[in-house]
Every structure is written in structure tokens, then in C-alpha cells.
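Chemist: Sharing a structure with you now.
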Amino acid sequence: MSRPRIVDLRLLPSAGSAWAATAVGIGFGARAAVWLAVLALVAIAVVVGLRTRAPAMAGTLIAALLIGAGFAVATATRVQAVHTHPLAAVAERGGDVTLIAAVSDDPRAVRGRTGDTVMVRVTLRSMTAGRDAFDVGGAVLVFAPGEGWRDLLPGARVQFRGRADETDRADLTVAVVRATGPPTVVGEPPWHQRAAGYVRDRFAEAASRALSDDAAGLLPGLVVGDTSNLPQPVADDFTAAGLAHLTAVSGANVSILLGAVLLLTRAAALGPGTSATVAGVALLGFVILARPSASVLRAAAMGAVVLLAIVAGRRRQAMPALGGAVVALLAWFPELAVNWGFALSVAATAALVLIAPRWARRWQLRGWPRPLAEAVAVAVAAHVVTLPIVAAMSGTVSTVAIAANLLVAPVIAPVTVIGAVVAAAATMWVPLGEVAALTTGPPLWWLLRVAREAAGLPGALLTVPSGVVGFGILAVAVAATVAAVALRRLRTAALAVVVGLVVVWVPVRMLAPGWPAPGWVLVACDVGQGDALVLAAGGGSAVVVDAGPDTRAVDGCLDRLGVRTVHAVVLTHLHADHVDGLAGVLHGRSVAQVVTGPMRLPSQAYELVRKAAAGDGVPLTTVRAGQVLTAGSVTLRVLGPTLPAPRDPDDADGAANDQSLVMSVDTVAGRILLTGDVEVPGQRDLLRDGVPLGADILKLPHHGSRTTTPEFLRAVGARLVVVSVGADNTFGHPNPDTLRTLQEMGATVARTDLGGDIAVGRSGGGGVAVTYRRGTIDR
């Protein structure tokens, strides 16, 4: 076994100073960057004056300070240019603008209130505000309706109108513009982007013909980072399982592809120069195919560094290459200094170069087989080093990531290489790519199975503080754990802590005994700030009323209840916090129908619902006030809406709440009134029309907002009021005055933000039983 080589770390201080100077300038402004540059120059003078006996160390420090000063000045200039930009001035007053811009990256679907919304990054070419016209550059973030935007290729030049708003993003974005309609294409994308788009489209077509929907959406994500067809439940599973990095373009993609190329060149007995040329051409082709955005270029640079370390076995050169890549990328894309993906990529690369080989050697000395030692070292090192960053970024930590990554590791390289072959074959002839794609079926099945099973484990994804607090807590925890494992004196204490967690935390936190509650008739799923209600329909089946804002949340709730058959998904209205999770209900379940109210507005949201239902072969039906809907053993009586629907589509968003379906259902626990988000006008119209609203159990309208009248609550007269509301939401729900009214009426209030999933059933004494996952209250 070879002895560890000394690693050259001399470029890392320069990379760190460049990163810090850029981040300070972007985060705290041009003045802070200038002061940082001054302090760096003063520090250089001090170092020179000390005449140290370690000239090499002094030289490294001076170089780092000089680079930091230079980056600070450059960042100050860029930040000042953003603040004095003419579009920034328009954004301050929220003015309308006409822009001509080049698309910088692929449009990405986002969750919007009206459903079909995309986010597009563009680079300005010119702008018109009122009578003023400017030829200017600058980065702009555009939110737009999907029509006309979703299929744009990077490099396309477009003209569009929109309303400019100030950005709260901590980067060099000049403004946020909300486009009012589709763009006009005034310049075609360059030939290489058109070629890349053609290859990606043919690749996706071949995958969709040969594979299941989940696998077809996953394969392009693994190979070129194209997740446009990845079902949201699959994406959520990969996030919870700690596998999301596999569906983003990362250094691993580059390393695998270049490794395969170098193996082929070696098998062909090509010389080093020829091999390097072929690998360089392959790298350039991959960058073009995966889009030459900042993230792809970052992945290319980091992947090349990992390849240098692993394939060539020259860690001494790997760290200088990493430092040089960081400096070069920050000079080209300064916004990377405040980019989470960049931080994760650099940290993971450094871990693979510095930490993983040492741990692998140590474990080999203890008798581990070399392949196992190296695989575990890579997975553990990357996860441990990036854990504090992930916590700071998302406020969540996957407890199953290491195990999941180890389980899928054997299939990642084959799928990536075969996927590249599929893309090449499909470009020539789609049926040929289709045949090649069939060979990826088994490994993709394994990936999907591991992700789903790992994500479905209780406690797979833990919530932790985000931001600086989360980073600090996890950094201390990681450091303490590593120290405890490394020092023999602390291993016993560490083992005792682990055993304690297993004995106490697993039964209490993970196993959640007593759930689902026996005999439940209604469950309010904890889906955050939204609604997702489940009515028992006999034989383990259910009726789902609304799907919440998140696919994973409602999918997990139904999994915990063991619901595989859904007789109907009833969407009370078409706001995102009630319909965006629909795919989570449809995924992996037998669903008989999707039901909506009479108002098919906002039209974008309705179209998304229609497509989701059609994609799973589920019929879409409409119900109105006065109708009766029978689904399984559940009979829903539609009481509202009774207000006329708006004719003007521009009024749809504001009127959607009062167009909510209001329904009653009789159960063994009593009559339940389901109200969607109906507000004061809709409630008063129901009262005025004499609609029978009396019920034993009320789903409080609109998450308990102030738009519920005391008259409505008294007319219902419920003994139990269920509030589906997100913890720490920014709307102040539920409203204190509404809660006070319910308290005066003597009603019991059950809230998802306090108790998580809530089950309602019949108690042994004939009353209503409310069961949280942490206890039971009888009334």
C-alpha cells in the first residue's frame, strides 16, 4: 500500500480570499468591498515589514491578500454598476418596461399562485422605460406565464414587456421582471444551442418511448441534468433520500464520462496527447449539451479536478487545480460566491481529494476490502463535509443519504455512460436510441426503488434551523462526531449517544405508534400552508379533498394512511396551495376521477390539472351546487359556490376563493363541512340562500384567516374545528379573532401547524375523537 503523498495547498488561501472578497462585496455592498481591499493592502504592508524567516509562507500570504484586494475592487465595481443601473431605478418605483434580452438558461417551472409559471434568467441587451431607451447589460430574473416561454433555448434573443420590481436576491441580479405575456423572438439561439436542444429532445423522446414515466424523466437528469420531464414525486423522493445531486449536472457526471473516454483511448493504445485531446473534445461536447451555464461550467471544472485526482492518482496537483478553478470561475461568474451549489461542489470536491483517500487507506489497514473502503469513504466524506451547507441552505438533513448513496453507487456510472450512448443513438435515429434505452431499465428501477424506499422511511428527512444557525449547529455536530470516532477515548461516549438515540428516538420519532388512528373518518394532512384532506371510503380506499402545495407532503400522508385507491380527488378551487400536490396523489395509486368546481379559472392552473389527470388516464369531471357526488362509501353534497363566477379572466385569481366548492359529508363521527377557502362574500351568500350549513366538524375556511365571519361560524355550530395551516406562515393564520370566536362558542380547535397530521373519528363514548400523531383528545 502506497504511502500518502504531501498535498500542495498553496493556492487554497488565494482561492479563499477571492471567494471571501467577492461574497462580502455582493452581500454587504460596494463600500464594504472597498474597505476589505484597503485592509488587505494594509495587511500586505505589515507582512512585508515583518521580514519573516518563512519567505515561502509569506509569499503565499501576500499573494492571497493581493488576489483578495483585486477581487474586492472588481466586486465593488460590479455591485455599484448594479445599484446605478437604469433598470434598478425603474424597479424602485415598480414601473413597466420593454426589454430585449438574451436567454441565459433553460426556463424552469415554478410554483405560482396561478399554476403555470416559469422562471427565466436573461441578460439584458436594451431596455425602454417610458420615453427613455438604454443599451445596457445586466442579469435579470424573469417570472412569466409558461406560454411562449417554456420552450425557449439559451442564447435566444427575445423582446417582452413586464413590470420591474426590486430584487431581494443576494447576487448581482439587477431586477425581477414579471412578464405580462409571451415574448417576441427577435434573434435565434446560436447553432450549438439549437444542436444541443435537438439532441436533448431526441434523447427525451427515446427515453419516453422505451421507459416508464418515472424512469424516462430520470434518465436525462442523470446524464445531462435535464429534469424538465422528471415527475415531482420522484424529485421529492430523491431530495429526501439525499440523492438530488444525481439529477443535477455535477462533477460526477463529468468524471464518469471523461473516465469512460480515457479508458477507451487507453484500450485503443492512444498516446497521452491524443487521449487528452479526445477527452477535451468530449468535455466540450458535454458542456454544450448540458448548457454552458455557470453551473455546468462549474461542474466541468470540478469534474476535471476529481478526474485528475482519481484517474491520474496525483493528489498533489489536484488541490492546486481546485484552487485555480475556484479563482477562475469566480472571476468569470462572481455570483457563484453566494451560490449554494458552488459551495457544495467545492466542498465535495475537496472532501474527495483530501479526506476520502485517507479514510479509505485507514479502513483498508483494518481489513476492509479496497472497493468497499473506497466506496464508503467517498460517500461518507462527501456527505459529512456538505452536511452543514445543506442544513444552512434548506433547513433539512437527510438521515438516509449515506446508505442510499452506497446502495445506488454501483449503477450510477453504467447508467451515465449508457445514457450518453442513448443520446448519441437517438440523435441519429430515435428507434435506435429507444433500443439502447431499454438496457437502462433495470438500473433505473433500482435507483427509483432505493429513492422511494429511503424517502419513505420515518425520519428520513429532518428539519433543522437554516442559515448561519443551522450551519453552525451542524458544523459543530459533524466536528464532534468525527473527533469522537477518531479518538479512542471518546468512542465509548459516542457509542452511548448513538445507542440512546436508537432506543429513544426511533420508537418515539420514527415508528409513531398508533398511527393511523383506528376507525378514522377524516385526516387533515400536514402539508404546510395549504389544504389536503382525506376521507375514509371503505376497504383502505379514500376520497382526497385538495392536494396541498407540495407533492411529497400529500404523498407521504397517504402512504402513512396506507391509501392506494382513491375514488375521487376533489379540488375545491384552483389555487396552488390546493392543487400543486396533485401529482403526489396520482403517483403510484389507482385514482378514479379528478373533480373540480364550475370555475375553470385561473386558466393556467386548470390546464395543469387537466394535463396531470390526462397523463395518468384519469377522467376530469365538474360538479356544481345542488349535485351529489358518490365516491366509494362517501357521499358528498355540494352546497356551494352560490355566487356567480366572474366572466373576466383578469378577476379570476381574486374570485377563486369565493368560488370554492363547499361540501358536506355524513360520517359515523358526525356531519363534516368542507369549505375550501370561501371568504366573506361567499359565506354571506350561502347564509342568504339558506344553505344548510350545520355540522359537527368544520374544516375552517382559508386556513383560519380573518375572512371568516362570526355569523358563518355560529351558523355551522361545529363542536370540532380543523385548521389546515402551515407552521410559522407569514400570513398570521389562524387569525386570533377567529380563534377567540371559536373559543367563545366552546369549539375544540385542532391545528396541523401544532399537531401535524390530524385524524378525526368516533370515540368510544359516542363523541368525536381527535388523534394527533403525538396523543389523543376525546370530546
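Chemist: Just checking: which of the helices (runs of 4 or more DSSP H) contained wholly in the range 679-776 hold 3 or more residues that are within 29 Å of the chain's Cα centre (by Cα) and under 24 Å from CYS557 (Cβ atoms)?
Modeler: So the answer is 752-755.
Chemist: Also, I was wondering about something else. Are any of the residues in the range 650-667 in a loop (DSSP other than H, G, I, E, B), on the phi > 0 side of the Ramachandran plot and out of contact with any Asp or Glu (no Cβ under 7 Å at 6 or more places or on another chain)? Show your work before the answer.
Modeler: Kept after step one, since they are in a loop (DSSP other than H, G, I, E, B), are these residues of the range 650-667: 656, 660-661.
Right, trim to on the phi > 0 side of the Ramachandran plot and you get none.
No, there is no match, as no residue in the range 650-667 is in a loop (DSSP other than H, G, I, E, B), on the phi > 0 side of the Ramachandran plot and out of contact with any Asp or Glu (no Cβ under 7 Å at 6 or more places or on another chain).
Chemist: Take PRO231 and decide whether it is buried (at least 16 other Cβ atoms within 10 Å of the Cβ) and either among the basic types (Lys, Arg) or within 26 Å of ALA436 (Cβ to Cβ) (or both). Break it down into steps so the answer makes sense when it comes.
Modeler: Numbers: buried (at least 16 other Cβ atoms within 10 Å of the Cβ): yes; either among the basic types (Lys, Arg) or within 26 Å of ALA436 (Cβ to Cβ) (or both): yes.
When the stated conditions are applied, PRO231 passes them.
Chemist: Could you tell me whether the range 114-128 includes any residue that is part of a helix (DSSP H, G or I) and more than 28 Å from the chain's Cα centre (by Cα)?
Modeler: No, the range 114-128 has no match at all.
Chemist: Tell me, which strands (runs of 3 or more DSSP E) lie completely within the range 136-249 with 1 or more residues that are in contact (Cβ under 8 Å) with a residue 60 or more places away in the chain and closer than 21 Å to ALA583 by Cβ? Give the steps one after another, and end with the answer.
Modeler: Numbers: elements: 139-145, 157-165, 173-179, 184-187.
Correct list: 139-145.
Chemist: Moving on. Considering only the range 177-190, how many residues are touching a helix residue (DSSP H, G or I) at 6+ places or on another chain (Cβ under 8 Å) and either of a type in the set (Asp, Glu) or modelled with pLDDT under 90 (or both)?
Modeler: Residues that pass the stated criteria total 1.
Chemist: Here's something else I'd like to know. Quick check on ALA409: is it of a type in the set (A, V, I, L, M, F, W, C) and crowded, with 21+ Cβ neighbours inside 10 Å?
Modeler: No, not satisfied.
Chemist: Residues of the range 377-416 being free of Cβ contacts under 8 Å to residues at least 24 places away in the same chain and under 16 Å from TRP446 (Cα atoms), which ones?
Modeler: PRO410
Chemist: Here is a further query. Return yes when LEU65 is farther than 26 Å from ASN339 by Cα, in contact with a helix residue (DSSP H, G or I) (Cβ under 7 Å, 6 or more places away or on another chain), part of a helix (DSSP H, G or I) and not charged (D, E, K, R) and no when it is not.
Modeler: Criteria not met by LEU65.
Chemist: While we're on this one: Considering each of VAL254, VAL261, VAL249, VAL278 in turn, give the residue that is in contact with a helix residue (DSSP H, G or I) (Cβ under 7 Å, 6 or more places away or on another chain), under 23 Å from LEU219 (Cα atoms) and at pLDDT 80 or above.
Modeler: Of the residues listed, the single one that is in contact with a helix residue (DSSP H, G or I) (Cβ under 7 Å, 6 or more places away or on another chain), under 23 Å from LEU219 (Cα atoms) and at pLDDT 80 or above is VAL261.
Chemist: Something else: Please state which of the following conditions LEU571 fails to meet, knowing it meets all the rest: (1) within 22 Å of GLU679 (Cβ to Cβ); (2) modelled with pLDDT under 90.
Modeler: Unmet for LEU571, out of (1) within 22 Å of GLU679 (Cβ to Cβ); (2) modelled with pLDDT under 90: (2).
Chemist: Take the residues in the range 363-372 that are assigned to a helix (DSSP H, G or I) and farther than 19 Å from ALA401 by Cα, then tell me which one is modelled with the lowest pLDDT.
Modeler: PRO371
Chemist: May I pose another question? Can you say whether THR748 is hydroxyl-bearing (Ser, Thr, Tyr) and in contact with a strand residue (DSSP E or B) (Cβ under 9 Å, 6 or more places away or on another chain), as far as the supplied structure shows?
Modeler: Criteria met by THR748.
Chemist: Here is a list of conditions, (1) at pLDDT below 90; (2) surrounded by fewer than 16 Cβ atoms within 10 Å (Cβ to Cβ); (3) farther than 20 Å from VAL174 by Cα, and GLY27 meets all of them except one; can you say which number that is?
Modeler: That leaves (3) as the condition not met.
Chemist: Still on this structure, I have one more. For ALA40, work out the one condition from (1) touching a helix residue (DSSP H, G or I) at 6+ places or on another chain (Cβ under 6 Å); (2) at pLDDT 90 or above; (3) in a helix (DSSP H, G or I) it doesn't fulfil.
Modeler: Failing condition for ALA40: (2).
Chemist: Follow-up. Could you tell me which of the residues ALA375, ALA360, ALA379 is part of a helix (DSSP H, G or I), modelled with pLDDT under 85 and crowded, with 20+ Cβ neighbours inside 10 Å?
Modeler: ALA379
Chemist: Here is a follow-up. Looking at (1) buried (at least 16 other Cβ atoms within 10 Å of the Cβ); (2) modelled with pLDDT of 90 or more; (3) part of a helix (DSSP H, G or I); (4) hydrophobic (A, V, I, L, M, F, W, C), can you tell me which one TRP35 breaks?
Modeler: (1)
The values are calculated or read from the model by the stated rules, or taken from the named source; none is laboratory data. As the structure is a prediction and not an experimental result, all values here were calculated from the model. Counting neighbours? That spans all protein chains shown, and the Cβs are built from the backbone with ideal geometry, glycine included.
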